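Here is the structure we will look at, set down as structure tokens.
The values are calculated or read from the model by the stated rules, or taken from the named source; none is laboratory data. Every value quoted in this text rests on a predicted model; they were computed, and no experiment measured them. We place every Cβ from the backbone using ideal geometry, glycine too, and count neighbours over all the protein chains shown. Keep in mind that these areas ignore ligands, DNA and RNA; they rest on the heavy atoms of the full protein, side chains included. Shrake-Rupley method; radii C 1.70, N 1.55, O 1.52, S 1.80 Å.
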Amino acid sequence: MEMTLRWYGPGYDKVSLEQIRQIPGVTGVVTSLMGKQPGEVWEKDEIRELKQIVEAQGLLVKGIESVNVSDEIKIGTEKRDEHIEKYITTLTYLGEAGIHMVCYNFMPVFDWTRTELARKRADGSTVLAYNQEIIDKIDPAHMRESMARMSEGYSMPGWEPERLDRLEELFEAYQDVDEEKLFANLVYFLEAIGPVCEKYGISMGIHPDDPAWPIFGLSRIITGKEQIVRLLKAVDKPYNGITLCTGSLGSNPENDIHEIIRAAAGRIPFAHIRNLRYNQKGDFEEAAHLSADGSMDMYQIVKTLYQTGFTGIIRPDHGRMIWGEQAMPGYGLYDRALGAAYLNGLWEAIEKGCAAHS
């Protein structure tokens, strides 16, 4: 297990590499070239510079999160092969740079979605939260008008500002992309990038849909165990794996995280471990990583990872905003540092406990 922290890169992240280096047990980051748009090639010199910045602070680039997949690939337009070739070029340059893990998602239009960025909790901290009733009040046909209401109380991280002018166009483009077509396009993409992944030993970890159900009438295909097993069998190669995000999969309380870990054993190169609290159906809020603070048993999740032979990259995921910190919602320093320390403690205790009984 390799403990890391997400770092958005120079100019995008208020948390510094110097601060990350001081978190016990954290030896690297998962990072990205944030200025790159889906469908653009990550150039060699850009990747080299990013690595040098990280390594200058005594850390390593353990993986990339994310090389975003373009809508052309997800929809399956006439430009998808051109975009896949550019994706392959990026993977080639990453492989040549010694980077061997890439997290990505295949969610249409929006990335992970929340309806509140700062819901206040009883302890005074604020957290990311989701309420389906708010989503249901938004008419996709008038999405830009709905976006204008952000200033009236909510905004959604998956709503990229540069895509606002294309939302109606994108919804129209995805109109005929049902779950089967989206899945087929994902398989096509994975089979196409297979040779470069195998050449450079790159593991692709698809991030689950978040929340784990369709929103705005858009199809979602990585929402639970059945879909994950189907994908792993459809492209039954070591490079095709999942990013185990407990918060994303756990957004649906019907998902058994332990069963998902067992079903995907050996195919989990990356894990996002975080807790959340269910309030009622369709309403949840993120919590401290500690099991007692939320609805998930973090000890059992980490133990199941250990028992199934997990050796990949791990990181604490979204944290609370605590102690007056001002940072990107979910990605401050303090609570994620507490999360890393907690997860490291769980892992050490489980590892030593299992060794004592072997």
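Okay, residues lined up against (1) more than 27 Å from MET328 (Cα to Cα); (2) part of a helix (DSSP H, G or I); (3) touching a Cys at 6+ places or on another chain (Cβ under 7 Å); (4) open to solvent by less than 30 Å² (accessible area, probe 1.4 Å):
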position	(1), (2), (3), (4)
ARG230	yes, yes, no, no
PRO238	yes, no, no, no
GLY241	yes, no, no, yes
ALA288	no, no, no, yes
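What tally of residues in the range 243-256 results from selecting those that are over 19 Å from ASN131 (Cα atoms) and either surrounded by 19 or more Cβ atoms within 10 Å (Cβ to Cβ) or touching a Pro at 6+ places or on another chain (Cβ under 6 Å) (or both)?
Within the range 243-256, residues that are over 19 Å from ASN131 (Cα atoms) and either surrounded by 19 or more Cβ atoms within 10 Å (Cβ to Cβ) or touching a Pro at 6+ places or on another chain (Cβ under 6 Å) (or both) number 3.
From the residues in the range 218-228 that are of a type outside the set (D, E, K, R) and in a loop (DSSP other than H, G, I, E, B), which one is surrounded by the most Cβ atoms within 10 Å (Cβ to Cβ)?
So the residue we want is ILE222.
Please verify whether the range 91-104 includes one or more residues that are open to solvent by 60 Å² or more (accessible area, probe 1.4 Å), touching a helix residue (DSSP H, G or I) at 6+ places or on another chain (Cβ under 6 Å) and in contact (Cβ under 8 Å) with a residue 40 or more places away in the chain.
no
Regarding the range 39-59, can at least one residue be identified that is of a type in the set (A, V, I, L, M, F, W, C), under 19 Å from the mean Cα position of the chain (by Cα) and open to solvent by less than 50 Å² (accessible area, probe 1.4 Å)?
No: the range 39-59 contains no residue that is of a type in the set (A, V, I, L, M, F, W, C), under 19 Å from the mean Cα position of the chain (by Cα) and open to solvent by less than 50 Å² (accessible area, probe 1.4 Å).
Being in contact with an Asp or Glu (Cβ under 9 Å, 6 or more places away or on another chain), open to solvent by less than 20 Å² (accessible area, probe 1.4 Å), outside any loop (DSSP other than H, G, I, E, B) and farther than 17 Å from GLY28 by Cβ is the filter here, so list the residues in the range 305-336 that pass it.
Listed by number, the list holds a single entry, ASP335.
Quickly run through the range 19-39 and pick out the residues that are part of a loop (DSSP other than H, G, I, E, B), among the charged types (D, E, K, R) and under 24 Å from TYR334 (Cα atoms).
Matches in the range 19-39: none.
Among (1) part of a helix (DSSP H, G or I); (2) crowded, with 16+ Cβ neighbours inside 10 Å, where does GLU259 come up short?
So the condition that GLU259 fails would be (2).
With respect to GLU2, is the statement that it is in contact with a strand residue (DSSP E or B) (Cβ under 8 Å, 6 or more places away or on another chain), open to solvent by 60 Å² or more (accessible area, probe 1.4 Å) and modelled with pLDDT of 95 or more true?
Yes.
Scan the range 208-215 and tell me whether some residue there is touching a strand residue (DSSP E or B) at 6+ places or on another chain (Cβ under 6 Å), surrounded by fewer than 15 Cβ atoms within 10 Å (Cβ to Cβ) and assigned to a loop (DSSP other than H, G, I, E, B).
Checked against the condition, which is being touching a strand residue (DSSP E or B) at 6+ places or on another chain (Cβ under 6 Å), surrounded by fewer than 15 Cβ atoms within 10 Å (Cβ to Cβ) and assigned to a loop (DSSP other than H, G, I, E, B), the range 208-215 yields no hits at all.
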